[in-house]
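So the structure is just underneath, and the comments pick up after that.
The values are calculated or read from the model by the stated rules, or taken from the named source; none is laboratory data. All values reported here derive from a predicted model rather than from experimental measurement. As a convention, Cβ positions derive from the backbone with ideal geometry for all residues, glycine included, and neighbour counts pool all protein chains shown. Quick note on the areas: whole protein, heavy atoms, side chains included, nothing else; ligands and nucleic acids left out. Shrake-Rupley method; radii C 1.70, N 1.55, O 1.52, S 1.80 Å.
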Amino acid sequence: MPYWWEPYVRAFIGGAQQLIAATGAQPTSYIRSVSHNEAVGGQVNSQHLLGTALDLVPAPGHSWAELQHAARAIGFGAVIDEKDHIHVQLFAAGVIPQWVYDELVGPGAPVGI
């Protein structure tokens, strides 16, 4: 990972750890390769490819609403109910420029989230 991207990943991991500690949520997907992302039907411009997205399910006895509320309170750029998991990502949709994908994923990678 390039030195200039590391602070973003560290910030995301810090928020993710805070969310898991507060809710007991279970992570189901974090960093993905392009091939794995394609295999699981992920968005072609997923922040999973960049290390700034995580999918989780609520801990037993906790609700989807509690998990979403906690994620929003932490300040993730997006919190999305995907029906079988909650997706959180560091940046809001459309914020990440093409050159970041080119540098981190490879030339011709899709633009933004």
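Of the listed values [x] 46; [y] 42; [z] 29, identify the label whose number matches percent of Cα pairs over 22 Å apart calculated from this model.
Looking at percent of Cα pairs over 22 Å apart for this model, the match is [z].
Largest first and to the nearest Å, give the Cα extent of segment 29-90 along each principal axis.
34, 22, 14
What is the dipole size for segment 56-106, taken about its Cα centre, with +1 at each Lys and Arg Cβ and -1 at each Asp and Glu Cβ, in debye to the nearest 20?
Dipole of segment 56-106, to the nearest 20 debye: 160 debye.
Using +1 on the beta carbon of Lys and Arg, -1 on that of Asp and Glu, and nothing else charged, what's the dipole of the chain about the Cα centre, debye to 20? Show your work: numbers first, answer last.
Details: 4 positive and 9 negative charges, 35 e Å.
For the chain, the charge dipole is close to 160 debye.
Taking only C-alpha pairs under 8 Å that are 6+ residues apart, what is the relative contact order of the chain in percent?
Rounded, it is 25 percent for the chain.
Using +1 at the C-beta of Lys and Arg and -1 at the C-beta of Asp and Glu, which of I13, N45, H85 has the Cα lying farthest in the positive direction of the dipole of the chain?
So the residue we want is I13.
Leaving ligands, DNA and RNA out of it, report the carbon-plus-sulfur percent of the accessible area of the chain at a 1.4 Å probe.
Details: 3500 of 6100 Å².
Answer for the chain: carbon and sulfur cover 57 percent of the accessible area.
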